[in-house]
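Peer 1: Below: one structure in structure tokens.
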Amino acid sequence: HSAGMSRFDHFIITLLIKNTLIVQALVLCVTLLVSGFQSLNRFEEYQITISQIAVNELLALPIKINNTIGMSVVIASIITVVLLMRSKELLAYICIGGRIGQLLIPFLAAAAFISCGMISFEYKFYPRLKAYQYRYQAESIKQIPYVDDQKLVDLWLIDEAGNTRLINVGMVDPIDKTLTDYREYNLDESFQLTAVRFADNAHYSDGQWVL
């Protein structure tokens, strides 16, 4: 009995994955088509080409997948249940003693897996992918220098402990957690310069900046 249940669960998961891939492909086709026309209108003044539209949309493809995969799984789950009912598989499963509650396990597992993946993507990969797309739009389509507004440039900081240290950072990248062109100026009580410390770059590790 348990072996049969295991095979049926495997059958449901396989069917769900197949339907999810089909639905996701259709959703992406529609999304890319609409987004492509939007890009054509938005960058019309820059005489954008079809190849540039294609590259721009491909750079955003992982983001579009992440934004639509949840909806695709829901639609695929509904399709899977309908197919099981039409093919009598669901009725046969119940007749041999299967429980509806246990039948939900593959769907709940898929939902949990997709949710974790979406959250991880949002924090780890989304900022980088958007930066790549913005860079391509600026340098290849608009033909202008790219300015990364996610990075902080030419910062001046003062140490609150005694106000005897000034710090200048050429650039702070909060995504990569790095500093470049670090300059530290140590002052005495009369505000005279006593020492200067330089570092080309630094990285954030174990709760502190390592030069």
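The values are calculated or read from the model by the stated rules, or taken from the named source; none is laboratory data. Predicted model, so just to flag it, every value in this text is computed and none were measured. Cβ placement follows ideal geometry from the backbone for every residue including glycine, while neighbour counts extend to all protein chains displayed. These accessible areas exclude ligands, DNA and RNA; they are computed on the full protein's heavy atoms, side chains included. Shrake-Rupley method; radii C 1.70, N 1.55, O 1.52, S 1.80 Å.
Peer 1: Taking springs between alpha-carbon atoms closer than 10 angstrom, which of Asn186, Asn168, Asn19 fluctuates most in the Gaussian network model of the chain?
Peer 2: Between Asn186, Asn168, Asn19, it is Asn186 that shows the largest mean-square fluctuation.
Peer 1: Using the Cα centre of the chain as the reference point, and only Cβ charges (+1 on K/R, -1 on D/E), how large is the resulting charge dipole? Debye, rounded to the nearest 20.
Peer 2: The calculated dipole for the chain is roughly 1460 debye.
Peer 1: What angle do you read, to the nearest 10 degrees and between 0 and 90, between the alpha-carbon axis of helix 2-42 and the longest principal axis of the chain?
Peer 2: Tilt relative to the chain: about 50 degrees.
Peer 1: If you line up the long axis of helix 61-86 against the longest principal axis of the chain, both from Cα atoms, how many degrees apart are they, to the nearest 10?
Peer 2: 10 degrees
Peer 1: Sticking with this one: Got a sec to turn the phi values of segment 197-205 into Karplus ³J(HN,Hα) couplings, 6.51 cos²θ - 1.76 cosθ + 1.60 with θ = phi - 60°, whole Hz, x for Gly and Pro?
Peer 2: After applying 6.51 cos²θ - 1.76 cosθ + 1.60, I find 10, 10, 7, 5, 7, 8, 9, 8, 8 Hz.
Peer 1: While we're here: For Cα extents along the principal axes in Å, several values are listed as (1) 65, 37, 29; (2) 89, 49, 20; (3) 66, 47, 44; flag the one computed from this structure.
Peer 2: Looking at Cα extents along the principal axes in Å for this model, the match is (2).
Peer 1: Would you mind finding the longest exposed-site-free stretch of the chain, with exposed GluC sites (Glu not before Pro) meaning DSSP loop and at most 14 other Cβ atoms within 10 Å?
Peer 2: Result, exposed sites excluded: 1-159.
Peer 1: Near the amide H of Arg165, under 5 Å away, which other amide H atoms are found, from residues 5 or more places off or on another chain, if H is placed in the peptide plane?
Peer 2: Residues meeting the amide H criterion: Asp159, Leu187.
Peer 1: Nearest 10 degrees is fine. How inclined is helix 50-59 to the longest principal axis of the chain, computing both from alpha carbons?
Peer 2: The angle comes out near 90 degrees.
Peer 1: Ok, one more. Leaving out ligands and nucleic acids, and using a 1.4 Å probe, what accessible area per residue does the chain come to in Å²? Don't jump to the answer; show the numbers that get you there.
Peer 2: Working: 14040 Å² over 211 residues.
So the chain comes to 67 Å² accessible per residue, rounded to a whole number.
Peer 1: Within the chain, what whole-number % of the accessible surface is contributed by carbon and sulfur, with the 1.4 Å probe and all protein chains included in the calculation? Kindly include the intermediate steps, with their values, before the conclusion.
Peer 2: Numbers: 8840 of 14040 Å².
Exposed carbon and sulfur together represent 63 percent of the surface.
Peer 1: Based solely on its DSSP helices, what 222 nm [θ] is calculated for the chain when runs of n ≥ 4 H residues each add -39,500 (n - 2.57) and the sum is averaged over all residues, nearest 500 deg cm²/dmol?
Peer 2: Working: 7 runs with 119 residues, N = 211.
Result for the chain: -19000 deg cm²/dmol, rounded to the nearest 500.
Peer 1: Applying the Karplus parametrisation 6.51 cos²θ - 1.76 cosθ + 1.60 with θ = phi - 60° to the phi angles of segment 114-129, what ³J(HN,Hα) value in whole Hz is obtained for each residue in order, glycine and proline being reported as x?
Peer 2: 3J(HN,Hα) across segment 114-129, in whole Hz: 5, 4, 4, x, 5, 5, 4, 4, 4, 8, 9, 10, 4, x, 5, 5.
Peer 1: Which of these, Tyr146, Tyr182, Tyr126, has the largest mean-square fluctuation under a Gaussian network model of the chain (Cα springs below 10 Å)?
Peer 2: Top of the fluctuation ranking is Tyr182.
Peer 1: Given a Förster distance of 25 angstrom, what is the FRET efficiency for Val34 paired with Arg135, based on the Cβ-Cβ distance and rounded to 0.05?
Peer 2: 0.60
Peer 1: So, one more: Just to verify a number: what accessible area does Thr194 come out at with the full protein assembly present, 1.4 Å probe, Å² rounded to tens?
Peer 2: About 90 Å², ignoring ligands and nucleic acids.
Peer 1: Roughly how many nanometres apart are two label points built 7 Å out from the Cα toward the Cβ at Asp181 and Lys88?
Peer 2: Placing both labels 7 Å beyond Cα along the Cβ direction yields 7.6 nm.
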